[in-house]
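Below you'll find the structure, written out as structure tokens, and then a few comments.
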Amino acid sequence: MMTQNQLQEVIAQAVRSVPVVDAHTHLFTPAFPGLLLRGIDDLLTYHYLVAETLRYHPEKTEEFWRLSVQKQADLVWQTLFIERSPVSEACRGVLTVLRAYGLDLGCRDLTAYRRFFAGLDPEAQVDIVFKEANLKYVVMTNDPFEPVEKVYWQQGVGVDPRFRAALRLDPLLNRWPETAGSLEAEGYEVQADLSGQTSAEVRRFLTDWAKRMNPLYLAVSLPPDFIYPDPAPRGRLLKEVILPFCQEHGKPLALMIGVKKLVNPSLRLAGDSVGKALINTVESLCVENPEVKFFLTMLARENQHELVVAARKFGNLMPFGCWWFLNNPSLIREITRMRLELLGLSFVPQHSDARVLDQLIYKWSHSKQLIIEVLTEAYTALAETGWKLSAAGIKQDVERLFFRNFEEFMGIE
Ligand SMILES: [Zn+2]
């Protein structure tokens, strides 16, 4: 019989030592020069912090975007870390990162922090971060319509195996018919009204890109009013092209539902918001496509309970992560607890959504701490029934949560 202290220690040890798969990030392999964000200025100009800064200085919004990244970072630092205590989750994240690198938080000297990061070579920095966060690999977001990134794939640049690909479909599904024009320019015979060879040609486009990227899954972010079935281009492309493609190639489709784009356009990347989405859509997709696997996250807190219930009904639905505005301690606790209570161990509790390499450090250390707390509560309640817990059994459960569920769902051996 384990004592409460031993139990806590076993759980903490299992979570801290488990290799993590980060199922969704916006990071890039250093093999794609210019795309990997890293270091203090990129940390400070993360869109979460830009939104927080401009709340205090709405009058500076237009001017902000004309500043260099370094000047933007100066304003963020001054506003959120010097003139006020950095109490928000995104602010605390920066401090967790600085501390992990052994930097002196007492000096509050941005110039010294800059000097430190300037001395890091990108490859070495990837090694440090992966070791610190104990990552097995991260999944990127790879958009074949992004002009810079696209060229690296076309050139066949060798990708670091710690960075896996995910084929992003947003332009195709959210910006048709503009995207039809880009496809046509690249030699695919598509029509804006989806007539003729369009379905076959979009499918050829996906096949070409899947060959280049070898993605683990296909992915799209969707607005709160996303519906399926839908006679509009998005619904037709899903039905006629994407879903059959996923089925045939055994690739899951990742759906990230609930983003209200550019509610405040002047904030740019920081200007998106959240809306409650329709769970019926998720249920229709799952019931009509039993051979397709849906890796799914929703942005609204109001959708979390019904998503968990839907997942109880469909083995082809895997809820993942506490996304964006949900990636805060109070909500991670609540959502993880609810998932554990209703789904047992059959979910993927977290992904980082990191845009800056160093964020992997804080996003994982903060989340792990919360998951340890939730697991401790659950195992304690279990032990109280008289059930015998073992360190090996707990380790196995933790492995499911941090990489095995993901890999099995993705069909990775
Ligand atoms: Zn994302």
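Please treat every number below as a calculation from the coordinates, not as lab data. Given the structure is predicted, the values throughout are model-derived calculations rather than measurements. Every residue, glycine among them, receives a Cβ derived from its backbone with ideal geometry; neighbour counts consider all protein chains shown.
At a 10 Å Cβ-Cβ cut-off, how would you order TRP323, TRP65, fewest neighbours first?
TRP65, TRP323
Shape of segment 52-172 from its Cα gyration tensor (a ≥ b ≥ c, root eigenvalues): rounded if a/c is under 1.5, otherwise prolate when a/b > b/c, or oblate?
Taking the square roots of the gyration eigenvalues as a ≥ b ≥ c, segment 52-172 is oblate.
Classify segment 1-115 as rounded, prolate or oblate, taking a ≥ b ≥ c as the square roots of the eigenvalues of its Cα gyration tensor: rounded when a/c is under 1.5, otherwise prolate if a/b is larger than b/c and oblate if not.
The shape class here is prolate.
Quote the charge dipole size of the chain about the Cα centre in Debye, to the nearest 20; the model charges only the Cβ of Lys and Arg (+1) and of Asp and Glu (-1).
Values: 45 positive and 51 negative charges, 115 e Å.
Computed about the Cα centre, the dipole is about 560 debye.
Using the charge dipole of the chain (Lys, Arg: +1 at Cβ; Asp, Glu: -1 at Cβ; taken about the Cα centre), state which of ALA270, VAL157, ALA232 has its Cα farthest towards the positive end.
ALA270
Cut-off 10 angstrom, C-alpha nodes, Gaussian network model of the chain. Which of TYR379, TYR152, TYR56 fluctuates the most?
TYR56
Quick one: grab the alpha carbon gyration tensor of the chain, order the square roots of its eigenvalues as a ≥ b ≥ c, and give me rounded if a/c is under 1.5, else prolate or oblate depending on whether a/b is larger than b/c.
In terms of gyration-tensor shape, oblate.
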